[in-house]
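Following: one structure in structure tokens, then a few remarks.
The values are calculated or read from the model by the stated rules, or taken from the named source; none is laboratory data. These numbers come from a predicted model, not from an experiment. Here the Cβ positions follow ideal geometry from the backbone for every residue, glycine too, while neighbour counts run over all protein chains shown.
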Amino acid sequence: MTRDYSQFFSLSPLDGQTKRVTALQALGWQPFFSQQISADEMAAAPPVRIVAVHRNALHAVGDNFATALPPRQDVTVGDWLMLNSARPQSSRILARSSLIRRRAAGTGRQEQLIAANIDTAFIVTSCNQDFNIARLERYLALALDARITPVIVLTKTDLAEDPHGYADAARAISDAAEVVALDARGRAPRTALAPWCKPGRTVAFLGSSGVGKSTLTNALLGSQSIETQSIREDDAKGRHTTTRRELHSAPDGCLILDTPGMRELQLTDAADGINSLFAGISELAAGCRFNDCRHETEPGCAVLQAVEQEVIDRAQLERWRKLMAEDAFNSASLAERRSRDKAFGKMVREVKKIKDNRR
Ligand SMILES: Nc1nc2c(ncn2[C@@H]2O[C@H](COP(=O)(O)OP(=O)(O)OP(=O)(O)O)[C@@H](O)[C@H]2O)c(=O)[nH]1
Ligand SMILES: [Zn+2]
């Protein structure tokens, strides 16, 4: 199937003042990436950005050209590669400014790369029963851990009796994230999200199904190119899960990553993100008498003392515990897997050695 990626070629918007943005900058190229390569390397292998991941190909766009590459487990949408035309599989992956990973859905504990080099994560929830502090915290921890600026977006303000109540509750979660409340339909999102949707910036929408991610994406794109749930519901086949994973270029010059629902989002190796979200608790924990304090019944527990003194909220401590436990569980399983794989590889090599010696 031939796909048309020419939408990315015309990306050379003016960034408000009069400074011209180069074609690469419009694709999201930043000093963080150019610092990783020499001028010679730049001439030998042009940088390309992975704008779409399909089952049988990676679609890459560079300075006024597009190409398809063979799929690779270690490459994800948003990645920058130095294109080796002779051996595309060996193209160098540039270090990422941010990376979203997750534990693969199902029973396997394999880590899956979701997206790379995202500047802003819009964490979307609606002003209704979807609104859930624990879930927002999980997304916030994930974004912070991935080194992405989080912004909480509350949709469906038009349907809520008290949208301000939701916005206040969201603001109380963390100073790390700004909160925007809006009606996702119509023109409001373009203005409200403009501070983060600048030329060459990559943004992504995260959140449960039905909260308005596609509606927001369409509002920024100024089109209906992403089908929304109500349209899918009319589909004779009923609702199908979205498998898309690609970047779209918006008229304002920003790049929008469209990810699947991420309903099974799990934290893996995200302790840093959790700690920065719950900075108050983690700082207190450092003052506990025991290094391995679980903050349950231990004497000299600084965290429990703070709860007693109502410096921190008991419910918040519970949510922190849950996230830490989830992260520890997933990370341990992953580490276990890695060491198992290592041990297995070692065994294979030893068996091979024995066989070779016998010859
Ligand atoms: N009234 C109102 N309806 C909204 C708003 N945001 C989204 N909707 C509607 O809610 C439904 C779901 O929106 P989508 O944009 O498809 O939700 P999604 O998050 O992309 O869902 P998935 O693709 O399943 O992950 C659609 O019918 C939208 O029109 C809003 O702010 N106000
Ligand atoms: Zn403690």
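Does region 22-50 hold any residues that are in contact with a Leu (Cβ under 6 Å, 6 or more places away or on another chain) and at pLDDT below 95, and which are they?
Step one: filter region 22-50 for residues in contact with a Leu (Cβ under 6 Å, 6 or more places away or on another chain), giving 26, 28, 33, 36, 45-46, 48-50.
Those that are in contact with a Leu (Cβ under 6 Å, 6 or more places away or on another chain) and at pLDDT below 95: 26, 45, 46.
In region 196-212, what residues are near ligand 1 (Cβ under 10 Å from one of its atoms) and within 14 Å of the chain's Cα centre (by Cα)? Spell out how you get there, then give the answer.
Our first condition is that a residue be near ligand 1 (Cβ under 10 Å from one of its atoms); within region 196-212, this holds for 205-212.
Those that are near ligand 1 (Cβ under 10 Å from one of its atoms) and within 14 Å of the chain's Cα centre (by Cα): 205, 206, 207, 208.
Considering region 177-199 alone, what residues qualify as being of a type in the set (Gly, Ala, Ser) and more than 12 Å from residue 136 (Cα to Cα)?
The initial filter retains those residues of region 177-199 that are of a type in the set (Gly, Ala, Ser), namely 177, 181, 184, 186, 188, 192, 194.
Residues satisfying the conditions are 181, 184, 186, 188, 192, 194.
Within region 296-323, can you find the residues that are in a helix (DSSP H, G or I) and surrounded by 15 or more Cβ atoms within 10 Å (Cβ to Cβ)?
Within region 296-323, the subset in a helix (DSSP H, G or I) is 302-308, 314-323.
Listed by number, the residues that qualify are 302, 303, 304, 305, 306, 307, 316, 317, 319, 320, 321, 323.
Go through region 107-141 residue by residue and tally those that are modelled with pLDDT under 90, aliphatic (A, V, I, L, M) and out of contact with any Ser or Thr (no Cβ under 8 Å at 6 or more places or on another chain).
1
Specify the residue that is nearest to ligand 1 (Cβ to nearest atom); the eligible residues are those in region 267-299 that are touching a helix residue (DSSP H, G or I) at 6+ places or on another chain (Cβ under 6 Å) and without any contact (Cβ under 8 Å) to a residue 12 or more places away in the chain.
Looking only at region 267-299, we keep the residues that are touching a helix residue (DSSP H, G or I) at 6+ places or on another chain (Cβ under 6 Å), and these are 267-278, 281-282, 284-285, 287-288, 295.
From the residues that got through so far, the ones that are without any contact (Cβ under 8 Å) to a residue 12 or more places away in the chain too are 275, 282.
Working: 275: 29, 282: 32 Å.
Residue satisfying both the conditions and the ranking: 275.
Considering only region 101-108, I want to know if a residue exists there that is closer than 14 Å to residue 202 by Cα, surrounded by fewer than 18 Cβ atoms within 10 Å (Cβ to Cβ) and more than 16 Å from ligand 1 (Cβ to nearest atom). Don't jump to the end; show me each part of the working.
Taking region 101-108 as the starting set, the residues that turn out to be closer than 14 Å to residue 202 by Cα are none.
No: region 101-108 contains no residue that is closer than 14 Å to residue 202 by Cα, surrounded by fewer than 18 Cβ atoms within 10 Å (Cβ to Cβ) and more than 16 Å from ligand 1 (Cβ to nearest atom).
Counting only residues that are closer than 22 Å to residue 209 by Cβ, out of contact with any Gly (no Cβ under 6 Å at 6 or more places or on another chain) and either polar (S, T, N, Q) or not assigned by TED's automatic domain parsing to the domain that holds residue 136 (or both), how many does region 147-186 have?
Of the residues in that region, 1 qualify.
Being away from ligand 1 (no atom under 15 Å from the Cβ), farther than 28 Å from residue 102 by Cα and assigned to a loop (DSSP other than H, G, I, E, B) is the filter here, so list the residues in region 163-194 that pass it.
194
List the pairs whose first member sits in region 70-86 and is part of a loop (DSSP other than H, G, I, E, B), whose second member is among the acidic types (Asp, Glu), and whose Cβ atoms are under 7 Å apart, counting only residues at least 6 apart or on separate chains?
Pairs found: 77/246.
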